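Student: Sharing a structure here in structure tokens format.
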Amino acid sequence: MKPILRFVPRILLIFFITASYLFFPQKTSAAPALQDEDPVLQCSQGVNLLLDNKGDEALPFLRAGFNNREKGVFSNPNDLISCASALGVLYASMGDFTEALIPLDVALDISRSNNNKFLEASTLDNIAKIYEKLENYEKTLEYYQLELLIQQELGEPKKEEVVLYNIDKTYSALENYGEAIEYYQQVLVMAREEGNESSEATVLYFMAKSYDALDDFESALKYYQQTLPMQRKAGSRDHEGAVTLDMANIYANKEDYQAALEYYEETLIILQELNSSSFTQGYVLYEIGQMYSNLKLYDQALDAYHQAIEFQRKTEETELEGITLQSLASVFYELGQHDNALEYYEIALEVLHQVNYQEREMYVLGNIAKINLARAQYAIALDYYQQALIIARELNAKGAEGRILTNIGEIYEAQGHRDKSLEYYQYALTIEQDEEDRFAESAVLNNMGAVYLRVGRYAEALEHFQRALVIAQRLGNREDEASIQGNIAAIYSHQGRYDLALELFELAFSIHQEIGDLDGQGTVLANIGTIYNAQGKNPEALEILQQSLDIRQSLGDKPGEISTLNSIGNVYRALGRETDALSYYKQALTIAREIGHRSSESILLHNIGMVYLGQFSIEALEYFNDALIIHEETANQEGIAITSMNLGHIYYLVEEYDKALTYYDQSMAIFETLRSTSGSDLARASYIEQHIDIYEFHILLDSQEGDFEKAFSISERGRARSFLDSMSTESIELHDDEKAALYNQEQEAYTVRETARDALTYARTQSPDEAQLINELESQLAQAEQDYQNILDKIQSSYNELAALVPGRSTTLELKDVQSLLNSQTTLASYWVMENKTLVFVIGKNDFHAVEIEITKEELEALIIDFRQFPSVEENHPQSAIDLYNTLISPVKEHLNTQNLIIVPHSILHYLPFSALTDGQSYLLDDYSITYLPSASTLPFVQDNAVSQAGLPLILGNPTTGDYDATASLATERDGLAPLPYAEREAEEIASLYGTQVYVNQAATESLVKENASQTSILHLAAHGVFNPHAPLSSLIALAPDDKNDGWLTVGEVYGLELQNAELVVLSACETQLGDLTEGDELVGLTRAFLFAGTPTVIGSLWTVDDQATAELMELFYKYLQDGKGKAEALRQAQIEVREKYPNPYYWAAFVLNGEGGDSLVLESSTTEPSSAQNKPSIPFCGGNLALIGVILLFGHQTKKKRVL
């Protein structure tokens, strides 16, 4: 921090304005009238009047005497010099500087002709000052330099100092410090030749000041250090004080705060000895406070600031007082004493406003806003930032305006108004770019990238990070470069692309090492350790985390030490080394209690409880209860939910089932109002794993008690929760503007509520707490909860399908509701896979049965994997299909007495086409028309969509896909998407059936689908499809790119299609139905997105399908549709017919029908073509905020815990 040089007193120099020495006779009591024509007398009269401060009366006499000087006889030349000088000074005082030069030039000539060095020096000084007023600094310099030669000749050291000061000031005005140094060097040589130590000391001082002005601090210090002992030797304490003060300022600029502090304190001692002005002492005490603050010696800083303010108030130095008050408040802020900080910021604001110091006022407003932002007092923070913004614009302070706009963007981001946040960031970015402030530009790009990252828009996040990275590299800003590399690594980590993430984290670590940034090294190591843990590389994770711990301990970073100890404990728990896990958890717990870190304490208590739970020990109960107390005290809803769930597990272990169900219900009630943890798939999976067990345990207890209807209800809630979890970190597009607006309002209101909860939780964990702040945050949370509830109520009453996308809105159906939606010829079989058994809920129009299948999840998974490997495609009835039939169908076959069968799969069963199950003689396909639903509760959506509308088929096949390396989307790897020649033939055949145009190759664009979806009755996409397990909403159908879209039609984009007129969507592609089945992440696929977009029926495949067999199957399917069969029956007949040619299920069983099976669907032929979206293909660019995004979570990545079944 640079010192405030505007307040530096020049205590070395004695200021005086050179006056003309007048030698007229003593003035008389009454001046003669102007009509006297004796110029000598006129001059005398004018000078006398001037000495009486009667300038207006003096002017005509002086002017007359000077103008008539040739007519009179001035016996003493000094009289004329005095007359001319007085007239010049009078003109100058009137502001008539050009006129003043005329008599002064005469005075100079006379003094020179009479060899009067004294008056010559005085006149040269006055002329120099006139030229200075005229801003003719070259002339000013010329006359001061002439004066200096005379003062040196006269041996006037004090006056010489003054002239040198004026010369220095003039060089400063010319900003010609190099020439000043050259001049001083010449003068220095002369002073040394003459042995004039006083002049030498003075010249050395001014040479130092010139180097200081050039920011050549080393040279400046060199000359200050030469002059300082000379000043001390001469006993010139005032001169000595000036040197020590300037040296202190240089050390402050060099950020050598300890050295600066020593020289400021030395200066203060000199000032006190000299009894110098309170103002000077007030300034130096202010700088002493600044140095203590920079050294983080806050108590000493506070003392110095308070002393400074006392002196400043004595001398009414209000402006400096305001600045000191601002600094005082900043120290309180650093100490975490925010109430004190706000008090002094408000006082500083009032003082600065009094003196109209707008620039400082603007910064104080920003500081007040910052505290309120940290307290989640968003409305107050926004008001202060808006006030600061007005001042910035009045001052045309573009840099400040940009920073304030960025801060406002941060407020909107914290409130969940992400569009508004991005809008303000863009305003700020434009200003920073116009101002060419690359550092600020990089920071704004970083913030924008962070927004995109939080909503799962990885391509845009990457674009902004990469732009920020380029700037940092060009500026040579290695610290920012390392942070940005870490942010980009975080994107890859979020996507599960761990090798890429590790590569960039290691690069960031090497940069942090290079610049000696230990804190950055510790953070990166923690991230690397987390990734190793996720990859199951636990020994490597332990090694890396231990290095991170060593750094945290060396820095005295207690919160970081707690977090790392906890992470190490998590790894040991994953390894089953429970004793070691407990040791690290308890070390962390001790530190958390020492520093009063309540939130960490509660998490560590919970994790210790988890170790004892894994040991089936009742000791876990004590730790969970202690954790729950803190969670409840701090209003930590997620903590309450997780700990309540585990308390339920404990009571389940000791067979107190009523208590277990009570805790499970409490936990579920909270979890279902929350979204999954935002950020990486790692974090999301960990979060889901922590709560998904509730549903399984609840269902297990319900079935154990014989309450299968309740068990079915809980299973539907579990499916709804899984669907919501799969969408938690990514964005979707909605085509309906009203729905989109309401959905955005819900997301924003949810974020506001959660932010208010977090702020309240944080405030309650502080020691001591701030009662007033807590009361304000409680009120703020109450309002946020009411606002959120109002939006949920509006969604519930308006859009049932939209309610499925938000937490806290139940869209699940009870048993009786499901039965009311079934006809007498339809049975619904809902499967729920648990660790040691599978439950099947068989629901008919008038009956309900629950069947328990005794098979473990591991055994079931092995059967399905064996089936899907197709070791031989020659078998008509594979043994694996028979085994699965005996496992999944035989136990419930007696209840399947209708011709239509709806399957609701769960977990690994999403990979299984039930039509391919066989008893060895016939397939399930032969007995039933089979359809699938994501859950029974989606029945109303499907039936609401099943309204026949007129429209045209839109048929695309074998698109020419883009190049992954040159595209923006990060959804998944797309290299090697081979052509699909049979898909092209398939599309052409189907198009010919309906007499409509087919779109293949480059014509099969994503834009074509988006622009014509609302007009189509059948959407057929014969293309590659890929499911992304790390970012489910980025799973996609690979279409052709153009200049509008990249060709990758993602799940998130499908939600935005208008498919209300589409009776059917067929995804005749590779792997379009596949999903990653983790513990808590149900299959999302494209199915649910298309159903949401308005179609009642989606057909997709469960494995990479033989291209030729698919083409034949699709042609037959559409022919049966043309013959008037319903959609499910048409698919069934087509599969039976293909089976005759290709008996093995591999060829015909991959396609499953999701949604409404339909009656007949007969479409008239049409030759009308949809609007073409064929444009020249273009390759969109890939893109990528500044704070390192860490993934050091105290709950950590939880590996699968031991079951307590």
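Student: How many residues, within the range 123-137, are modelled with pLDDT under 90 and over 15 Å from Gly95 (Cα atoms)?
Tutor: The qualifying residues number 1.
Student: OK, next. Regarding the range 319-341, can at least one residue be identified that is surrounded by 20 or more Cβ atoms within 10 Å (Cβ to Cβ), touching an Asp or Glu at 6+ places or on another chain (Cβ under 6 Å) and closer than 29 Å to Ile309 by Cα?
Tutor: Among the residues of the range 319-341, not one is surrounded by 20 or more Cβ atoms within 10 Å (Cβ to Cβ), touching an Asp or Glu at 6+ places or on another chain (Cβ under 6 Å) and closer than 29 Å to Ile309 by Cα, which makes the answer no.
Student: Could I ask something else about it? Can you confirm whether Leu204 is part of a helix (DSSP H, G or I), among the hydrophobic types (A, V, I, L, M, F, W, C) and surrounded by fewer than 19 Cβ atoms within 10 Å (Cβ to Cβ)?
Tutor: no
Student: Yes or no: Ser948 more than 39 Å from the chain's Cα centre (by Cα), hydroxyl-bearing (Ser, Thr, Tyr) and either assigned by TED's automatic domain parsing to the domain that holds Lys1119 or modelled with pLDDT of 95 or more (or both)?
Tutor: For Ser948, the condition - more than 39 Å from the chain's Cα centre (by Cα), hydroxyl-bearing (Ser, Thr, Tyr) and either assigned by TED's automatic domain parsing to the domain that holds Lys1119 or modelled with pLDDT of 95 or more (or both) - is met.
Student: Among the candidates Ile629, Ile618, single out the residue that is surrounded by fewer than 17 Cβ atoms within 10 Å (Cβ to Cβ), among the β-branched types (Val, Ile, Thr), out of contact with any strand residue (DSSP E or B) (no Cβ under 8 Å at 6 or more places or on another chain) and not in a helix (DSSP H, G or I).
Tutor: Unique residue meeting the criteria: Ile618.
Student: Scan the range 564-604 residue by residue and report those that are under 17 Å from Asp550 (Cβ atoms) and not small (Gly, Ala, Ser).
Tutor: Listed by number, the residues that qualify are Thr564, Leu565, Asn566, Ile568, Val571, Tyr584, Gln587, Ile591.
Student: Working carefully through the options Ser567, Ser563, Ser583, find the one that is under 23 Å from Ala526 (Cβ atoms) and either surrounded by fewer than 18 Cβ atoms within 10 Å (Cβ to Cβ) or hydrophobic (A, V, I, L, M, F, W, C) (or both).
Tutor: That would be Ser583, the only listed residue that is under 23 Å from Ala526 (Cβ atoms) and either surrounded by fewer than 18 Cβ atoms within 10 Å (Cβ to Cβ) or hydrophobic (A, V, I, L, M, F, W, C) (or both).
Student: Now, a different point. What number of residues within the range 514-523 satisfy the criterion of being more than 10 Å from Ile551 (Cβ to Cβ) and part of a helix (DSSP H, G or I)?
Tutor: Result for the range 514-523: 1.
Student: Right, something else. Which residues, counting only those in the range 267-308, are touching a helix residue (DSSP H, G or I) at 6+ places or on another chain (Cβ under 8 Å), surrounded by fewer than 16 Cβ atoms within 10 Å (Cβ to Cβ) and not in a helix (DSSP H, G or I)?
Tutor: Result: Leu295, Lys296.
Student: Also: Of the residues Asn78, Asn67, Asn115, which single one is in the same structural domain as Leu148 (by TED's automatic domain parsing), over 60 Å from the mean Cα position of the chain (by Cα) and surrounded by 15 or more Cβ atoms within 10 Å (Cβ to Cβ)?
Tutor: One residue alone meets the criteria, Asn78.
Student: Can you work out which of the residues in the range 812-860 that are part of a helix (DSSP H, G or I) and in contact with a strand residue (DSSP E or B) (Cβ under 8 Å, 6 or more places away or on another chain) is surrounded by the most Cβ atoms within 10 Å (Cβ to Cβ)?
Tutor: Going residue by residue through the range 812-860, those that are part of a helix (DSSP H, G or I) are 815-821, 857-860.
Within this subset, residues satisfying the condition of being in contact with a strand residue (DSSP E or B) (Cβ under 8 Å, 6 or more places away or on another chain) are 815, 818-819, 857, 860.
Details: Leu815: 17, Val818: 25, Gln819: 17, Lys857: 15, Leu860: 22.
Restricting to residues being part of a helix (DSSP H, G or I) and in contact with a strand residue (DSSP E or B) (Cβ under 8 Å, 6 or more places away or on another chain), the top hit is Val818.
Student: Going by the structure shown, is Gly957 assigned by TED's automatic domain parsing to the domain that holds Glu1140, outside any strand (DSSP E or B) and under 45 Å from the mean Cα position of the chain (by Cα)?
Tutor: No; evaluated as a whole, the condition is false for this residue.
Student: While we're looking at this one, here's another question. Can you go through Ser563, Ser548 and tell me which one is more than 26 Å from Ala627 (Cα to Cα) and either of a type in the set (Val, Ile, Thr) or in a helix (DSSP H, G or I) (or both)?
Tutor: Ser548
Student: So, in the range 1102-1119, of the ones that are assigned to a loop (DSSP other than H, G, I, E, B) and β-branched (Val, Ile, Thr), which residue ends up farthest from the chain's Cα centre (by Cα)?
Tutor: Of the range 1102-1119, the ones assigned to a loop (DSSP other than H, G, I, E, B) are 1102-1106.
Pick out the ones that are also β-branched (Val, Ile, Thr) and you get 1104-1105.
On the way: Thr1104: 40, Val1105: 43 Å.
So, considering only residues that are assigned to a loop (DSSP other than H, G, I, E, B) and β-branched (Val, Ile, Thr), the one farthest from the chain's Cα centre (by Cα) is Val1105.
Student: Can you tell me which of (1) in contact with a strand residue (DSSP E or B) (Cβ under 7 Å, 6 or more places away or on another chain); (2) over 30 Å from Glu696 (Cβ atoms); (3) at pLDDT 75 or above is the one Cys1070 doesn't meet?
Tutor: (3)
Student: Now for a different question. Is there a residue being surrounded by fewer than 22 Cβ atoms within 10 Å (Cβ to Cβ), out of contact with any Gly (no Cβ under 8 Å at 6 or more places or on another chain), among the aromatic types (Phe, Trp, Tyr) and assigned to a helix (DSSP H, G or I) anywhere in the range 138-158? I'd like the intermediate steps shown before the answer.
Tutor: So in the range 138-158, the residues surrounded by fewer than 22 Cβ atoms within 10 Å (Cβ to Cβ) come out as 138-139, 142, 145-146, 149-150, 152-158.
Those still in the list that are out of contact with any Gly (no Cβ under 8 Å at 6 or more places or on another chain) too: 138-139, 142, 145-146, 149-150, 152-158.
Subsequent filtering for residues that are among the aromatic types (Phe, Trp, Tyr) retains none.
No, there is no match, as no residue in the range 138-158 is surrounded by fewer than 22 Cβ atoms within 10 Å (Cβ to Cβ), out of contact with any Gly (no Cβ under 8 Å at 6 or more places or on another chain), among the aromatic types (Phe, Trp, Tyr) and assigned to a helix (DSSP H, G or I).
Student: Can you name the number of the only condition in (1) at pLDDT 85 or above; (2) outside any helix (DSSP H, G or I) that Gln26 fails?
Tutor: Looking at each condition in turn, Gln26 falls short on (1).
Student: Something else: Within the group Pro60, Pro103, which residue is more than 17 Å from Tyr143 (Cβ to Cβ), in a helix (DSSP H, G or I) and in the same structural domain as Glu153 (by TED's automatic domain parsing)? Show your work before the answer.
Tutor: Values: Pro103 fails: more than 17 Å from Tyr143 (Cβ to Cβ).
Result: Pro60 is the single residue among Pro60, Pro103 that is more than 17 Å from Tyr143 (Cβ to Cβ), in a helix (DSSP H, G or I) and in the same structural domain as Glu153 (by TED's automatic domain parsing).
Student: Next question. Could you say whether any residue in the range 409-418 is surrounded by fewer than 21 Cβ atoms within 10 Å (Cβ to Cβ) and among the basic types (Lys, Arg)?
Tutor: Scanning the range 409-418, I find no residue that is surrounded by fewer than 21 Cβ atoms within 10 Å (Cβ to Cβ) and among the basic types (Lys, Arg), so the answer is no.
Student: I've got another one for you. Against the definition (modelled with pLDDT under 85 and either in contact with a Phe, Trp or Tyr (Cβ under 8 Å, 6 or more places away or on another chain) or in a helix (DSSP H, G or I) (or both)), how does Ala683 come out, yes or no? Quick ask: steps written out before the conclusion?
Tutor: On the way: modelled with pLDDT under 85: yes; either in contact with a Phe, Trp or Tyr (Cβ under 8 Å, 6 or more places away or on another chain) or in a helix (DSSP H, G or I) (or both): yes.
Yes, satisfied.
Student: If you don't mind, there's one more thing I want to ask. Can we say Ile608 is touching a Gly at 6+ places or on another chain (Cβ under 9 Å), modelled with pLDDT of 95 or more, in a helix (DSSP H, G or I) and buried (at least 16 other Cβ atoms within 10 Å of the Cβ)?
Tutor: On the way: touching a Gly at 6+ places or on another chain (Cβ under 9 Å): yes; modelled with pLDDT of 95 or more: yes; in a helix (DSSP H, G or I): yes; buried (at least 16 other Cβ atoms within 10 Å of the Cβ): yes.
Taking the combined requirement at face value, the residue satisfies it.
Student: Sticking with this structure for a sec: I'd like to know if the range 1130-1143 contains one or more residues that are at pLDDT below 90 and under 21 Å from Leu933 (Cβ atoms).
Tutor: Let us first name the residues in the range 1130-1143 that are at pLDDT below 90, namely none.
Taking every residue of the range 1130-1143 in turn, none turns out to be at pLDDT below 90 and under 21 Å from Leu933 (Cβ atoms).
Student: Would you tally the residues in the range 430-470 being more than 19 Å from Ala490 (Cβ to Cβ) and either β-branched (Val, Ile, Thr) or surrounded by fewer than 24 Cβ atoms within 10 Å (Cβ to Cβ) (or both)? So that I can check it myself, show each step before the final result.
Tutor: Of the residues in the range 430-470, the ones more than 19 Å from Ala490 (Cβ to Cβ) are 430-441.
Now narrow it down to the ones that are either β-branched (Val, Ile, Thr) or surrounded by fewer than 24 Cβ atoms within 10 Å (Cβ to Cβ) (or both): 430-431, 433-441.
Residues in the range 430-470 being more than 19 Å from Ala490 (Cβ to Cβ) and either β-branched (Val, Ile, Thr) or surrounded by fewer than 24 Cβ atoms within 10 Å (Cβ to Cβ) (or both): 11 in total.
Student: Go through (1) at pLDDT 95 or above; (2) not in a helix (DSSP H, G or I) and name the single condition Ala376 misses.
Tutor: (1)
Student: Next question, about the same structure. Would you please name the residue that is modelled with the highest pLDDT, looking only at residues in the range 1011-1040 that are in a helix (DSSP H, G or I) and within 25 Å of Leu453 (Cα to Cα)?
Tutor: The qualifying residue modelled with the highest pLDDT is Ser1034.
The values are calculated or read from the model by the stated rules, or taken from the named source; none is laboratory data. Keep in mind the model is a prediction, meaning the values are calculated, not measured. Counting neighbours? That spans all protein chains shown, and the Cβs are built from the backbone with ideal geometry, glycine included.
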